[in-house]
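The values are calculated or read from the model by the stated rules, or taken from the named source; none is laboratory data. Bear in mind that the values here come from a model prediction, so they are computed numbers and not experimental data. Ideal geometry is used to build each Cβ from the backbone, glycine not excepted, and the neighbour counts take in all protein chains shown. Side chains are part of the model used for accessible areas, which takes the heavy atoms of the whole protein and leaves out ligands, DNA and RNA. Shrake-Rupley method; radii C 1.70, N 1.55, O 1.52, S 1.80 Å.
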Amino acid sequence: MTPKPNATAPAVAEGSAGGSTALAWLYVGVPLLWGVSQTFIKALALFK
Amino acid sequence: MADNSSGLLDRSRTIAPAGYNRWLVPPAALAIHLAIGQAYAFSVFNKPLGSLISGDPAHPAATDWTPGQIGWTFSIAIVLLGLSAAVFGKWLERVGPRKAMLAAALCFGGGFLIGSYGIHLHNIWLLYFGYGFIGGIGLGIGYISPVSTLIKWFPDRKGVATGMAIMGFGGGAMIGSPLAANLMTHFKGSAPQGVAPTFIVMGIIYLLFMQWGVWTIRVPADDWKPAGYVPSQEHDALITTANVSADNAIKTHQFWLLWVVLLCNVTAGIGVLETASPLIQETFSDAAMGVGKGVTAAAAAGFVGLLSLFNLLGRFFWSSASDKIGRKPIYLIYFGLGVILYALIPTLGHNLQLTLFVIVACLIISMYGGGFSTAPAYLSDLFGKYQVGAIHGRLLTAWSTAGVLGPLIVHSLSEGRKAAGFTGAAAYQTVFYTMAGLLAVGFLADLAVTAVNEKYYEKGPVTPEAGGH
């Protein structure tokens, strides 16, 4: 059976779509930036 | 596995409503890949795990685990990554990404918890079973679970989409390494080396972190297309509009050529990653550079960190570039340029050109990352999007093979040269020339890729639910 869009799934309102997207990127972006910054600090030792 | 329920995890419950913002999907994918990418930071546990009895990494007890025993944990995880991706790929296509991501989170997080018990009991087999076997299954399912979904959401930018997710796998090690180091320091007083409680906390953190991906992932409706998207009318024989099933894909020589391409790319990359720290320290030592001017252990760790950064950036940059350049040409660049750069490394070391040496190594490792992230888009071009996740899963057995083959080649060649009295860059010369030869094989394999024969195409419309058995 071909799946149809789920009518019961929570619709993302146009107005909140931007906020949800920003929140989603922050959720993954913050730990990633932390990890990158830690690695970068470690990498600086190479140039000392 | 049964999947006839209409629960929250069911594929039909993840179909996006009209107006859904597709840019919510990459963070969901990243939530999985940033977590499972921790696997590449497993080496942070090597010394603590090797001194659980003695308490002193410099003076391990006779009953402490050896580096060889500990190393098997990572090897098992990588082998299971490839095997589980191959075995569960069709199941994933059928049940959809949400159920698969949840399974991945449970296995990966659960693997840490079982592993912690093994560490607590000082039972290496339980560590192998937990982190290696169960965690490895989580790695495999997690690695492929968002890929086909991303390709369906971004038919106009397949390379960008898969590059973003697979970049997360590279980033996961950057988070996992300092996180583990900080936790082990925190728990050092409560358990030997603080490792067992660190495993518990990391298992819980990753299990929870991955839930964001599980519950926000959405698949597009079958007839969905990006606004204003018009598939290119320009004929490109290597981009099909048809679909090939996973079972048929492995009957094509194109699949096996790509398998060789990935095998060569990963094996050669391991040649750099495995030797990076000792190579730079031994080549640019105080004896060679002058007292106080050689590369220290801390600087070598910085070099490894720099390689990780370029591995991450390469995954996004090269894969995105492949949307413009084309998949086949970009692999020809990886391999063609790679042959030259790998062959240059021993010469740069011999001439003590440290800056150029670092630049070349970073470029090499960026293309290694690019090879990983461009693969799913290449598969989608050749076989269509129908079961691209399952086909990608089967391709990842090349990674598992390289995970065993790469270190074997590196260690046997470098140890042989050292035993023969060679030092510095000369000790690693044959490693790099061998890897350059492997890249030449990869170049030829990529060059031989042609369009898939129409006899392998699916006849009539395809639906995800019909995708697996």
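Details
- Simple Cβ-charge dipole of the protein assembly as shown, Lys/Arg +1 and Asp/Glu -1, about Cα centre, in debye nearest 20: 340 debye
- Placing +1 on each Lys and Arg Cβ and -1 on each Asp and Glu Cβ, with no other charges, gives the range B:11-224 a dipole about its Cα centre of roughly 580 debye.
- Convex hull (Cα only) mean projected area of the protein assembly as shown, reported in nm² to one decimal: 24.4 nm²
- For the protein assembly as shown, the residue among B:Gly89, B:Val410, B:Tyr386 whose Cα projects farthest onto the positive side of the dipole built from Cβ charges is B:Tyr386.
- Loop chymotrypsin sites (Phe, Trp or Tyr not before Pro), the range B:385-461 (other Cβ atoms within 10 Å of the site Cβ: 15 or fewer; DSSP): B:Phe422
- Separation in nanometres of the label points that stand 7 Å from Cα toward Cβ, at B:Thr185 and B:Asn46: 2.1 nm
- Looking at the range B:215-262, the chymotrypsin sites (Phe, Trp or Tyr not before Pro) that sit in a DSSP loop and have at most 12 other Cβ atoms within 10 Å of their own Cβ are B:Tyr229.
- Compactness check for the range B:11-224: Cα Rg over 2.2 N^0.38 Å is 1.08.
- Between A and B, roughly 3100 Å² of accessible area is buried in total, ligands, DNA and RNA not counted and the probe set to 1.4 Å.
- Where Rh is the Kirkwood radius over Cα pairs, Rg/Rh for the range B:23-66: 1.36
- Shielded residues, the range B:214-262 - accessible-area loss of 30 Å² or more between chain alone and all protein chains, probe 1.4 Å: B:Arg218, B:Asp222
- Carbon/sulfur fraction of accessible area - the range B:246-456, other protein chains in place, 1.4 Å, %: 69 percent
- Average accessible surface area per residue within the range B:11-224, 1.4 Å rolling probe, Å²: 32 Å²
- The residue among B:Val219, B:Leu121, B:Ala165 whose Cα reaches farthest toward the positive pole of the charge dipole of the range B:11-224, with charges on the beta-carbon of Lys, Arg, Asp and Glu, is B:Val219.
- Additional length obtainable on full extension of the chain from B:Thr450 to B:Trp215, 0.36 nm per residue less Cα span: 80.7 nm
- Euclidean distance of C-alpha centroids, the range B:26-67 and the range B:119-154, integer Å: 15 Å
- Peptide B:9-19 has a mean of 4 when you count, residue by residue, the C-beta atoms of other protein chains within 10 Å of its C-beta.
- Projecting the Cα atoms of B:Thr296, B:Val431, B:Phe317 onto the charge dipole of the range B:246-456, computed from C-beta unit charges around the Cα centre, puts B:Phe317 farthest toward the positive end.
- Volume per residue of the convex hull around the Cα atoms, evaluated for the range B:116-218, comes out as 94 Å³.
- Radius 12 Å from Cβ of B:His411, net charge of other residues (Lys, Arg +1; Asp, Glu -1): 0
- Over 32 Å between alpha carbons, listed pairs B:Lys90/B:Lys328; B:Lys99/B:Lys158; B:Lys158/B:Lys459; B:Lys188/B:Lys293: B:Lys188/B:Lys293
- Put simply, the C-alpha atoms of the range B:353-443 give a gyration tensor, and the ellipsoid matching it has half-axes of 33, 16, 9 Å, longest first.
- The H on the amide N of B:Ile15, modeled in the peptide plane, is under 5 Å from the matching H of A:Asn6, B:Val219, each at least 5 residues off or on a different chain.
- Cβ-placed point charges (K, R +1; D, E -1), dipole of the range B:246-456 about Cα centre in debye, nearest 20: 260 debye
- Compactness relative to 2.2 N^0.38 Å, alpha carbon Rg of chain B: 0.98
- Per atom type, the range B:8-150 shows carbon and sulfur on 69% of its accessible surface, probed at 1.4 Å.
- Trypsin sites (Lys or Arg not before Pro) within the range B:6-100, DSSP loop, no more than 13 other Cβ atoms inside 10 Å: none
- Relative pair counts by distance (%), Cα atoms of the range B:246-456, 5 Å bins: 1, 8, 15, 19, 19, 14, 9, 7, 5, 3, 1, 0, 0, 0
- Each of the peptides B:183-192, B:322-331 was scored by the mean count of other Cβ atoms within 10 Å over its residues; in descending order, highest first, they stand as B:322-331, B:183-192.
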